[in-house]
1. Of M11, M37, M25, which has the most accessible area and how do the rest follow, probe 1.4 Å?
2. Take the solvent-accessible surface of the protein heavy atoms, probe 1.4 Å, and return the percent of it on the chain that carbon and sulfur atoms account for.
3. Quick one: which residues, 5 or more positions from T8 or on another chain, have an amide H under 5 Å from its amide H? H modelled 1.01 Å from N in the peptide plane, none for Pro or chain starts.
4. Return a whole-number percent for the relative contact order of the chain, with Cα pairs under 8 Å and 6 or more residues apart as the contact set.
5. Treating only the Cβ of Lys, Arg, Asp and Glu as charged (+1, +1, -1, -1), what charge dipole size does the chain show about its Cα centre? Round to the nearest 20 debye.
6. Of K36, K23, which has the most accessible area and how do the rest follow, probe 1.4 Å?
7. Where does the chain land at 222 nm, in deg cm²/dmol rounded to the nearest 500, when only DSSP H runs of n ≥ 4 count, each adding -39500 (n - 2.57), divided by all residues?
8. Which whole-Hz couplings ³J(HN,Hα) result when phi for each residue of region 23-40 is put into the Karplus expression 6.51 cos²θ - 1.76 cosθ + 1.60, θ = phi - 60°, listed in order with x for Gly and Pro?
Amino acid sequence: FQLAGARTVIMSLWPVEDSSARKWMNRLYRNRLVRKMQTAEAVRATSLGLLREARARGESTHPLYWAPFIAAGDWR
């Protein structure tokens, strides 16, 4: 995608179930477009928000559940 001209690519580091991916992406775009965060800041806020919620519910805090996505390229 970057060779084709995309400045930033959001990619998963491992397979992610559809409902988790949808939840993560909805939050990412809310942070990026509604809250006007930079891409890197929106990725970080999304992942940390899911981690905090998992802790509050007493669920697993393994990165498998809250950190599957990264931004590569121009992070602005």
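The values are calculated or read from the model by the stated rules, or taken from the named source; none is laboratory data. Predicted, not measured: the structure shown is a model, and the values here were computed from it. Cβ sites come from the backbone with ideal geometry, for glycine too, and all protein chains shown count toward neighbours. These accessible areas exclude ligands, DNA and RNA; they are computed on the full protein's heavy atoms, side chains included. Shrake-Rupley method; radii C 1.70, N 1.55, O 1.52, S 1.80 Å.
1. Sorted descending by solvent-accessible area, the residues read M11, M25, M37.
2. 55
3. The list, which skips near neighbours in sequence, is D74.
4. Computed over the chain, the figure is 48 percent.
5. Once rounded to the nearest 20, the dipole reads 380 debye.
6. K36, K23
7. Mean residue ellipticity, 222 nm, calculated: -14000 deg cm²/dmol.
8. 4, 5, 5, 4, 5, 4, 5, 5, 5, 6, 9, 7, 8, 6, 7, 5, 4, 4
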